[in-house]
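Everything below concerns the one structure shown next.
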Amino acid sequence: IDANDYRKIINNVIVFLEGDCSKLLKYDHKKAIKSASDKMEYEKANILKNSEGFLKWFCKKMKFYHNFKTFTTVLSTKNLNFLFHKGQLVQKFSGSLDEEEIDFLTGEVIGNMDDRYILDRAKIIYNWLQNHNDSIRFL
């Protein structure tokens, strides 16, 4: 690998670690896969194909985590609803809340919880949503 290609790889790793998905997804994987295939670099083409799926999955999870950490979130299940504000559970309720009630309930919450705690809670909710037909709203 030459220095220029190495620099590109390092820059992509930095972008990935910073969570900037928009730059990562702009990369034209299909064109790169075809180019590698045309050059008979089948292993590289397979790696590119797999990385495209991983990036989409990773970016979806990062967006969910960012929204969960930043906004007020309502998780609606069949029997119960959960109100989170900046990753912190504020209220469990049945039925619905209007925006005025949500503003009142979240107004006193300090949203400076440990990132690890928020990430754990976001993972649990994200996995729950993948396995159930429940809904989530970010306000």
Study note, to complete from the structure: Within the range 24-72, the residues that are open to solvent by less than 50 Å² (accessible area, probe 1.4 Å), among the polar types (S, T, N, Q) and either at pLDDT below 85 or within 25 Å of the chain's Cα centre (by Cα) (or both) are SER51, ASN67, THR72
Check your understanding: Name the residues in the range 78-91 that are open to solvent by 40 Å² or more (accessible area, probe 1.4 Å) and on the phi > 0 side of the Ramachandran plot, would you?
Key -> LYS86
Revision key, fill the gap. In the range 92-111, residues that are over 12 Å from LEU139 (Cα atoms), open to solvent by 70 Å² or more (accessible area, probe 1.4 Å), at pLDDT 75 or above and not in a helix (DSSP H, G or I) total 3
Practice item. Consider only pairs whose beta carbons are under 7 Å apart and that are at least six residues apart or on different chains; among these, list those whose first residue lies in the range 41-67 and is touching a residue at least 60 places away in the same chain (Cβ under 8 Å) and closer than 25 Å to LYS86 by Cβ and whose second residue is open to solvent by less than 40 Å² (accessible area, probe 1.4 Å) and in a helix (DSSP H, G or I). Key: LYS61/TYR126; PHE64/ALA122; PHE64/TYR126; TYR65/ALA122
Practice item. Name the one entry in LEU75, LEU139 that is open to solvent by 70 Å² or more (accessible area, probe 1.4 Å), touching a residue at least 60 places away in the same chain (Cβ under 8 Å) and either of a type in the set (Val, Ile, Thr) or within 23 Å of LYS60 (Cβ to Cβ) (or both). Key: LEU139
Exercise for review: Please list, ordered by first then second residue, the pairs with beta carbon atoms under 8 Å, 6 or more apart or interchain, first in the range 13-38 and more than 11 Å from LEU55 (Cα to Cα), second at pLDDT 70 or above and aromatic (Phe, Trp, Tyr).
Suggested key: ALA36/TYR42
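The values are calculated or read from the model by the stated rules, or taken from the named source; none is laboratory data. The model shown is predicted, which means the values in this text are computed figures rather than measured ones. Note that each Cβ is placed from the backbone with ideal geometry, even for glycine, and that neighbours are counted across all protein chains shown. Heavy atoms of the whole protein, side chains included, go into the accessibility calculation; ligands, DNA and RNA do not. Shrake-Rupley method; radii C 1.70, N 1.55, O 1.52, S 1.80 Å.
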